[in-house]
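The structure appears below as structure tokens.
Since every read-out is calculated from the coordinates, none of them should be taken as a lab result. As the structure is a prediction and not an experimental result, all values here were calculated from the model. Every residue, glycine among them, receives a Cβ derived from its backbone with ideal geometry; neighbour counts consider all protein chains shown.
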């Protein structure tokens with residue numbers, strides 16, 4: 001028999017396999033990519049947690065770039081249409097704002113979407129005999145006078161009074177302030193204007209907040225929160241004090257000032273104390289914040305300079321920068337940030353959003369689908385969020401605030417100060433399980449509040465406070481939220497693979513099955529061909 005005729009079945013079998021592979025791979029490719037890269041800029045107050053969220057979602061094929069340029073620059077870039085989103089701590093300030101006009105976009109509809117809570121902290125470097133002071137306490141009045149040049153030396157009697165008579169050595173105070181337009185500055189100066197106007201307004205020259213802190217006297221300017229932190233932590237930083245979001249000193253293991261609250265306790269901006277304070281925030285219709293009630297909160301645990309940060313969400317159907325793929329990227333990035341991303345807030349020095357603001361964020365995200373019906377927002381529900389502040393079925397409750405530990409008695413005005421260092425309060429499950437709630441340690445700690453929000457009993461015994469599990473929002477070792485009701489949290493469901501992975505693996509499985517079916521026939525034809533060739537050669 002002609003050998004070419006024998007070869008045809010073999011070639012035909014291989015051809016069928018190759019054709020099947022080609023068809024299956026081609027059919028598995030999406031018509032277009034599910035995601036497109038999105039770009040944002042703005043707040044450095046929020047940057048630590050935002051960068052972590054960006055890293056987290058990259059594993060799912062969502063590509064986000066973010067540049068911390070300060071809230072003012074972020075708002076301007078968004079208004080100019082040069083970024084897909086912005087992040088800011090304060091809304092647009094309008095015409096006549098100090099530092100230049102700050103009008104909202106004229107032809108770019110947008111929403112303010114709360115993304116995370118936190119505390120504006122005062123981190124410092126003061127050394128006595130070469131050793132770092134880590135338990136400094138200051139009243140709001142003393143802080144205001146330091147940053148308005150009325151208190152210029154660390155041995156000032158007002159500082160000694162805040163620390164129950166403990167006097168620091170003579171050392172010139174060097175305030176470190178933001179040199180760029182900053183939401184952190186705006187938050188700080190809003191508090192100064194509201195609570196310490198007699199010091200602030202003569203120094204500033206007018207009433208109101210500003211994103212550009214006046215640099216006067218011995219103050220040093222630094223661009224961005226990271227540079228403020230680096231300036232203070234520098235070898236030449238002895239005597240400095242500056243304002244940053246709590247995440248920066250926490251991640252650098254640097255101390256922060258315990259600030260005196262209206263109840264007469266000195267507290268630091270842990271996720272618990274921030275959550276307590278923000279139960280007094282008033283949220284306007286556009287979701288921006290009125291913090292007067294936060295500044296004056298009477299709870300012993302409340303940190304006065306607590307606030308929220310916002311993402312500027314483009315909602316217009318005719319937005320020139322936005323496509324279906326970009327909107328999908330933004331929707332899924334924000335879904336992760338508002339849900340699973342909130343579980344990481346405490347670990348990185350922030351405080352997770354309460355349920356009502358997460359729900360409000362979801363409502364704003366729905367505007368992306370209104371702008372473009374192709375955007376997929378299916379299966380997006382707060383029931384899929386795992387958040388330590390949530391109380392199932394109650395939008396107004398905040399579990400984290402309810403179980404926040406009470407401050408130590410040594411942190412009460414006229415007592416102490418505690419020997420415990422700051423900037424190292426429990427921010428993770430692992431730390432919490434070692435004992436001592438936020439603000440606890442060798443200086444004593446308070447008992448956890450009751451599940452119904454009632455004050456828990458304080459104790460001076462080291463480690464006497466309830467350790468809190470930030471993942472569940474419960475005291476460690478507890479299985480319920482109080483009253484026998486178990487806390488239910490559903491994990492956010494995000495695919496571990498990138499878009500298209502399922503199709504590729506499905507294709508390979510189909511090809512493998514096809515090969516199993518066809519291979520015996522192909523092999524049999526090849527063997528017959530070899531046998532006949534050998535027989536012909538022998539004859």
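Of all DSSP beta bridges located in the range 38-434, what percent are antiparallel, nearest 5? Could you put the intermediate results ahead of the total?
Working: 30 of 46 bridges.
Bridges in the range 38-434 that DSSP calls antiparallel: roughly 65 percent.
When a/c reaches 1.5 or more, the comparison of a/b and b/c decides; with that in mind, is the range 66-109 rounded, prolate or oblate per its Cα gyration tensor?
Details: a/c = 1.98, a/b = 1.21, b/c = 1.64.
Oblate, since a/c reaches 1.5 and b/c is not below a/b.
Ranked highest first by the average count of other Cβ atoms within 10 Å around their residues, in what order do 416-422, 298-304, 106-112 fall?
Top of the packing list down: 298-304, 416-422, 106-112.
May I ask you to derive the FRET efficiency for residue 201 and residue 58 from their Cβ-Cβ distance with R0 = 41 Å, giving the value to the nearest 0.05?
Details: r = 46 Å, r/R0 = 1.13.
Step by step, r from the Cβ atoms, then E = 0.35.
Using only the Cα atoms of the range 137-246, build the gyration tensor, take square roots of its eigenvalues as a ≥ b ≥ c, and label the shape rounded, prolate or oblate: rounded if a/c is under 1.5, else prolate if a/b is larger than b/c, else oblate. Walk me through the numbers on the way to the answer.
Details: a/c = 1.86, a/b = 1.16, b/c = 1.60.
In terms of gyration-tensor shape, oblate.
Give the order of 156, 290, 332 when sorted by the count of other beta carbons within 10 angstrom, beginning with the fewest. Mind showing how you got there, number by number?
On the way: 156 19, 290 11, 332 22.
Ascending number of Cβ neighbours within 10 Å: 290, 156, 332.
How high is the relative contact order of the range 107-241, in percent, with contacts defined as C-alpha pairs under 8 Å that are six or more residues apart?
Working: 182 pairs, mean separation 41.3, N = 135.
Value for the range 107-241: 31 percent.
For the range 50-122 and the range 198-268, compute the distance between their C-alpha centroids and round to whole Å.
22 Å
Evaluate the range 38-434: find the radius of gyration of its Cα atoms, find its Kirkwood radius, and give the ratio Rg to Rh. Could the numbers behind the result be given before it?
Working: Rg = 20.6 Å, Rh = 21.3 Å.
Rg divided by Rh gives 0.97.
Find how much the distance from residue 226 to residue 383 grows on full extension, using 0.36 nm per residue of separation minus their present alpha carbon separation; answer in nm with one decimal.
53.0 nm
How long is the gain from residue 171 to residue 320 if the chain were fully straight, where each residue apart is worth 0.36 nm and the alpha carbon distance is subtracted? Intermediate results must be reported in sequence, preceding the final value.
Numbers: separation 149, 0.36 × 149 = 53.64 nm, distance 5.50 nm.
Here the segment from residue 171 to residue 320 would lengthen by 48.1 nm.
How large is the translational diffusion coefficient of the range 340-427 in µm² per second when you combine the Kirkwood radius over alpha carbon pairs with Stokes-Einstein at 20 °C and 1.002 mPa s? Display every interim value, and only then the final one.
Values: Rh = 15.9 Å.
Calculated translational D: 135 µm²/s.
Taking R0 as 35 Å, what's the FRET efficiency between residue 396 and residue 133 from their Cβ-Cβ distance, rounded to 0.05? Mind dumping the intermediate values first?
On the way: r = 40 Å, r/R0 = 1.15.
Approximately 0.30, to the nearest 0.05.
What order do you get for 166-175, 359-368 when each peptide is scored by the mean count of other beta carbon atoms within 10 Å, highest first? Before the final figure, lay out the partial values.
Details: 166-175: 15.7, 359-368: 19.2.
Descending mean neighbour count gives 359-368, 166-175.
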